[in-house]
Each structure stands twice: as C-alpha cells, then as structure tokens.
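The values are calculated or read from the model by the stated rules, or taken from the named source; none is laboratory data. Remember, predicted model here, so these are calculated numbers, not experimental data. Because the Cβ atoms are built from the backbone with ideal geometry, glycine has one as well, and the counts that use them run over all protein chains shown. These area figures cover heavy atoms from the full protein model, side chains too; ligands, DNA and RNA do not enter into them. Shrake-Rupley method; radii C 1.70, N 1.55, O 1.52, S 1.80 Å.
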Amino acid sequence: MQKQEEKNAGRGESVFAVQVAAMRLESPAVLSIELRHIEDRALPPASPGSHVDVRLANGVTRPYSVVSGEEGVYVLAVKRETDSRGGSAYVHDRLRVGDMIQVSAPRNQFALADHDGPSLLLAGGIGITPLLPMARTLERKGRPWRLHYTTSHAAVAPFARELRQLGERVHLHSSASAGRIDLGALVSDAVPGTHFYCCGPEGMLDAFTEATRDIDPARVHVERFGAAAPPPDAGSFELRLARSGRSVMVGPELSTLDALLQAGVNVDYSCRQGICGSCEVHVLEGIPEHRDEILTEAERASNKTMMACCSRACSATLVVDL
Ligand code: FES
C-alpha cells in the first residue's frame, strides 16, 4: 500500500498517491486519464500550462501536462509514442482504472502572462494539452484569444469536440492536407501587444522561435518538454570516476548519462529529461553546465551536483562520485 503522501527521496519534492478514476481514448493515439487523490482529498490546483511528473508502477517517471487540474482532480493526456521507453506504452497497455500511481505537485513553467491584451495560442499534436486549459481560462475571463491547432487529421484530433465548443476562436488544421499553418504569417499579422504561446513538435517550436525572433521575449512563451538538445557546438569532456578510478569520454553526440551507460557504469535514471532527479550525480571537481529543470540556483552555483541525463561540462574534466 502506498503512503498517501510522501517525499520524493531524490529531490525532496511532495508526491501524491492517486488512483486512476477514469480513462478515455481521445484519439487513436491519445488517452486521457483522470487522477484522484486516494483519500478523495483535493490535489493541489494546477494552473493552465502546468505539468506533473507521473511515477508509474514500472519505475518510470514522465512529465505530462495537466489538461484540467484546477478543481483538485487532474486530467492528463498521454500520446502513445512509437519509440516509447516505458512511459506512454505502459500507460496505454498496462495502466487501468483503479490502479494507484504517484504524481508530483504541479509545476508551471508555461503560465499565462498576467495581461489583458490578446493571446495567440499555437499547438501541434499532443502540444494541445497545456493550451486547452489556457483557452478555457482566457474564455472564462473574457480575454481576447485565438487558438490554431495543427494535428495529423483534424477530424480525429484529441479534444476536438471540446475545442469546437469553444467556438470560432479555435482553428483546426490538418497537417496531412494543405492545412499546415504559417506561423510567420500568424505572428506578423497579430495585433500589437499580443502574447504568443506555442507547444508542439520540435520542428514547430523551431519555426515559432524563428517567427518570434524580433518580438519582446516577455510576450513569447514556449513549452519544450525535457531538456534542450545539446548545442551544435557541444564539445567533448572527460568524466573521471573517483570511486572506480575509471575515465569516460563524453563526445558531443552523447549525453553524459549515455556515455556512462555505454561504458557499463550503473547510473539510475528515469525521465531522461532533466525533471525527475533520479540521475543526479555528485560532482567533486570541475564545473558542470546545467541543463535540467530541477536544481535551484544555489545548487547550480555550488558545482556540487548535476543531472547526468541532460547536463554536460564547462570544464575539460569533471570528477564525479561514481
Ligand atoms: S533521468 Fe530524470 S533528471 Fe535525469
């Protein structure tokens, strides 16, 4: 029996034991799951744009945006990934109504800005999950907004029925037809002062970044799941493993974690996205280049710890406690 609320041993964050109260196929590849506290208490409110880390019974932790979470019950949407490493495949194939799992408290790095001006929401694929609650909230508050949502087939888009109920502010596009959206045109045609929000596949985010290059960054909001890809000019560095005396080279094409795993070094990991803390490695010498989402500024500045799945090195050598 899971404890009703306990601490994440890795990073000291609150996690909650929840039960899967309902599951629904929103599209052929997207399943929504409703999670309730196992004692039917209210879960912490999740504002639009929040995500929670879901710890599954197979030991895998994954971040999922909260489609609905302001009433103490979370609805998440999980797309089956063709290259699933145990997250989405587990949710689709093994998770069932009545199962108990754990979720973190919600975190929001993609929150709606506090302004009364227009908002342009741009979603691609499963990227609709943080933007749908934003659209609901903007509509409820009577603020001007529009949503453009590109999916492979608009007719079977996840949440299409609810989106259509939101009215003519929602524009559905099929990437399988000629309906691909022109992000540059949408951005340049927007009313001055518009805030732009985008979540979708990497190609869409890159196009969005390009389209908003000259816009005040305070009005540009992007949700990228997981750690940013290593920069194209990422260099090599040496990892010295203090306990074993071994040395492992990390090339520009490999993450620190993958270099360790390929060298046969046993390192815990789960999300591979810099959000769960399970791959934390203690640094004894050298300067890490942090690319995770969980260390505090003080922890980063201490140079004493790093997340191996996404972080690299500023110095030529890192000595780690492995
Ligand atoms: S594996 Fe989750 S933070 Fe690295």
Given charges at beta-carbon only (K, R positive; D, E negative), |dipole| of the chain in Debye: 600
Could you give the dipole magnitude of region 5-104 about its Cα centre, charging the beta-carbon of Lys and Arg +1 and that of Asp and Glu -1, in debye to the nearest 20? 280
For region 132-217, what's the radius of gyration and Dmax over Cα atoms, in angstrom? 13.2, 35
Sorted by mean Cβ packing within 10 Å, highest first, what order do the peptides 44-52, 210-218 take? 44-52, 210-218
Take the alpha carbon gyration tensor of region 237-320, find the square roots of its eigenvalues, order them as a ≥ b ≥ c, and report rounded if a/c is under 1.5; if not, report prolate when a/b exceeds b/c, else oblate. oblate
Carbon and sulfur: what percent of region 119-223's accessible surface (1.4 Å probe)? 52
Grab the other residues whose beta carbon is less than 11 angstrom from that of A29, score K and R as +1, D and E as -1, and report the net. 0
Given the convex hull over the Cα atoms of the chain, what projected area results after averaging over all orientations, in nm²? 17.7
Could you go through region 68-77 in sequence order and give the Karplus-derived ³J(HN,Hα) for each residue, using 6.51 cos²θ - 1.76 cosθ + 1.60 with θ = phi - 60°, rounded to whole Hz, and x for Gly and Pro? 8, x, 8, 10, x, 10, 9, 10, 10, 10
Could you sort T317, T82 by accessible area so the largest value comes first, with the probe set to 1.4 Å? T82, T317
Amide H contacts under 5 Å for L284, placed H, 5+ residues apart: V319, V320, D321
Please give the contour-minus-distance gain from A185 to S14: 0.36 nm per residue of separation, less the Cα-Cα distance, rounded to one decimal in nm. 57.3 nm
Can you sort I294, I126 by 1.4 Å-probe accessible area, starting with the largest? I126, I294
Amide H contacts under 5 Å for V220, restricted to residues at least 5 apart in sequence or on another chain and with H modeled in the peptide plane, are F196
Taking Cα pairs under 8 Å and at least six residues apart, what relative contact order does the chain come out at, in percent? 13
Between region 95-137 and region 45-94, what is the C-alpha centre distance in whole Å? 11
Please compute the per residue accessible area over the chain with all protein chains in place, 1.4 Å probe, rounded to a whole number of Å². 47
Mean Cα-pair separation over length for region 119-223, i.e. relative contact order, pairs under 8 Å, 6 or more apart, %: 32
How much solvent-accessible surface does I287 expose, in Å² to the nearest 10, with a 1.4 Å probe and all protein chains in place? 80
